[in-house]
1. Check 102, 17 and return the single one that is buried (at least 17 other Cβ atoms within 10 Å of the Cβ) and outside any helix (DSSP H, G or I).
2. Among the listed residues 110, 102, which satisfies the condition of being modelled with pLDDT of 95 or more and at positive phi?
3. Look through 146, 231, 150 and report the one residue that is in the same structural domain as residue 309 (by TED's automatic domain parsing), farther than 15 Å from residue 256 by Cβ and without any contact (Cβ under 8 Å) to a residue 60 or more places away in the chain.
4. Name the single residue that is surrounded by the most Cβ atoms within 10 Å (Cβ to Cβ) among those in the range 48-63 being touching a Leu at 6+ places or on another chain (Cβ under 9 Å) and at pLDDT 95 or above.
5. Which members of the range 248-304 meet the condition of being hydroxyl-bearing (Ser, Thr, Tyr) and under 22 Å from the mean Cα position of the chain (by Cα)?
6. Out of curiosity, is residue 242 free of Cβ contacts under 8 Å to residues at least 60 places away in the same chain and in a helix (DSSP H, G or I)?
7. Given the conditions (1) out of contact with any Lys or Arg (no Cβ under 7 Å at 6 or more places or on another chain); (2) at pLDDT 95 or above; (3) not in a strand (DSSP E or B), and given that residue 300 satisfies all but one, which numbered condition is not satisfied?
Amino acid sequence: MAATVAVVRETVAGERRVALTPEIAKKLKARGARVLFEPGAGAAAYFPDAAYVEAESADASSVLAQADVLLTVQPPTLEQIAALKEGAIVIGHLQPHLEPGRTKALRDRRITAFAMELLPRTTRAQAMDVLSSQAAVAGYKAVLIAAEAAPKFFPMLTTAAGTIRPSKVLIVGAGVAGLQAIATARRLGAQVEGFDVRPETKEQIESLGAKFLDLGVSAAGSGGYARELTAEEREQQQRALAEQLKAFDVVVTTAAVPGRKAPRIISAAMVAGMKPGAVIVDIAAETGGNVEGTEAGRTVVSANGVSIIGTTNLPSSAPVHASEMYARNLYNFLELSLKDGALNLDWNDELIARTCLTHAGEIRHEPTKALVDGS
């Protein structure tokens with residue numbers, strides 16, 4: 001029997017992305033699946049209902065009741081989970097560390113939930129990696145926000161009134177968001193430096209035409225993430241960074257690990273030492289921020305005139321391309337289990353097994369299970 005793959009409108013305020021684009025609806029139909037959507041599901045991302053020519057539409061309650069697979073951007077609400085049939089599959093960015101009650105509901109409804117942030121970060125999984133695709137959008141947008149807020153030009157300009165020096169920009173963190181931020185700042189003509197405690201990022205930063213800021217601390221970790229610094233390493237890093245920050249006009253911080261509080265990298269004392277008019281854009285604001293004094297969703301101006309911009313949900317600010325990439329990520333993951341329109345989950349596949357949050361009335365992800373059991 002053909003599986004019904006469905007999408008409904010996102011309910012989180014300000015969320016403009018959609019997990020199923022017309023392009024992916026067409027691909028699913030070609031694979032033998034039935035595609036069902038709530039009218040208006042793609043409207044905020046500029047995908048009108050008429051573009052979903054390969055899909056059927058129905059009201060939200062009907063869509064949820066019929067869905068064999070529900071694709072989401074933000075986690076489903078408790079009401080949406082209750083409306084799904086038992087045994088349905090949910091695929092999306094589920095943030096299990098934030099709300100144990102939601103994970104309990106998925107377990108108790110015997111929903112098979114795949115949290116895409118749990119996807120192993122392997123070469124084979126790259127085409128499904130929602131963290132990377134959305135981080136690229138965030139890095140790009142963060143630099144545009146910084147350029148708008150900065151009281152200086154980014155590029156060097158030669159004018160009749162004299163030469164304007166380029167802005168000095170520091171990107172903290174050289175993951176996907178950081179590298180995209182470096183590339184964007186370079187395209188805008190700034191003088192760019194990049195910093196990361198992982199030594200292997202030096203070559204990546206320099207390949208984009210930026211200078212690697214070496215603070216004398218190395219913290220290579222596993223899975224593409226940095227290990228936690230020792231107290232001595234942190235102190236050394238803080239001293240060196242405080243001195244370097246005095247020279248920069250713009251700083252973009254991108255250090256974040258899914259499911260954990262963002263590491264504090266820039267202290268209030270460091271901000272106090274920066275030049276008046278400097279701008280900091282903190283991509284990690286939603287998880288506590290890399291900068292002391294960051295407030296999610298707000299711009300805070302320090303006593304010495306440094307603006308700290310606490311960005312939230314940057315991918316949603318570019319909903320067309322962010323949705324296209326996100327929907328392709330989900331399709332590539334779903335394709336592992338979609339054969340001639342029918343679903344067949346292969347639990348021997350590492351990508352399927354390790355991305356699973358709940359299945360058959362159990363919580364499969366041990367850290368989340370411990371969180372739920374202890375709540």
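The values are calculated or read from the model by the stated rules, or taken from the named source; none is laboratory data. No experiment lies behind these values; they were computed from the predicted model shown. A quick note on method: Cβ atoms are made from the backbone with ideal geometry, for glycine too, and the neighbour counts reach across all protein chains shown.
1. Values: 102 fails: outside any helix (DSSP H, G or I).
The conditions single out 17.
2. On the way: 102 fails: at positive phi.
Going through 110, 102 in turn, the sole match is 110.
3. Details: 146 fails: without any contact (Cβ under 8 Å) to a residue 60 or more places away in the chain; 150 fails: without any contact (Cβ under 8 Å) to a residue 60 or more places away in the chain.
Among 146, 231, 150, only 231 is in the same structural domain as residue 309 (by TED's automatic domain parsing), farther than 15 Å from residue 256 by Cβ and without any contact (Cβ under 8 Å) to a residue 60 or more places away in the chain.
4. This residue is 63.
5. Once the filter is applied, which keeps residues that are hydroxyl-bearing (Ser, Thr, Tyr) and under 22 Å from the mean Cα position of the chain (by Cα), the range 248-304 yields 253, 254, 287, 294, 299.
6. On the way: free of Cβ contacts under 8 Å to residues at least 60 places away in the same chain: yes; in a helix (DSSP H, G or I): yes.
It is true that residue 242 is free of Cβ contacts under 8 Å to residues at least 60 places away in the same chain and in a helix (DSSP H, G or I).
7. The failed condition is (3).
For (1) surrounded by fewer than 18 Cβ atoms within 10 Å (Cβ to Cβ); (2) under 22 Å from the mean Cα position of the chain (by Cα), each residue gets a yes or a no:
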| site | (1), (2) |
| --- | --- |
| 340 | yes, no |
| 346 | yes, no |
| 364 | no, no |
| 368 | no, yes |
| 374 | yes, no |
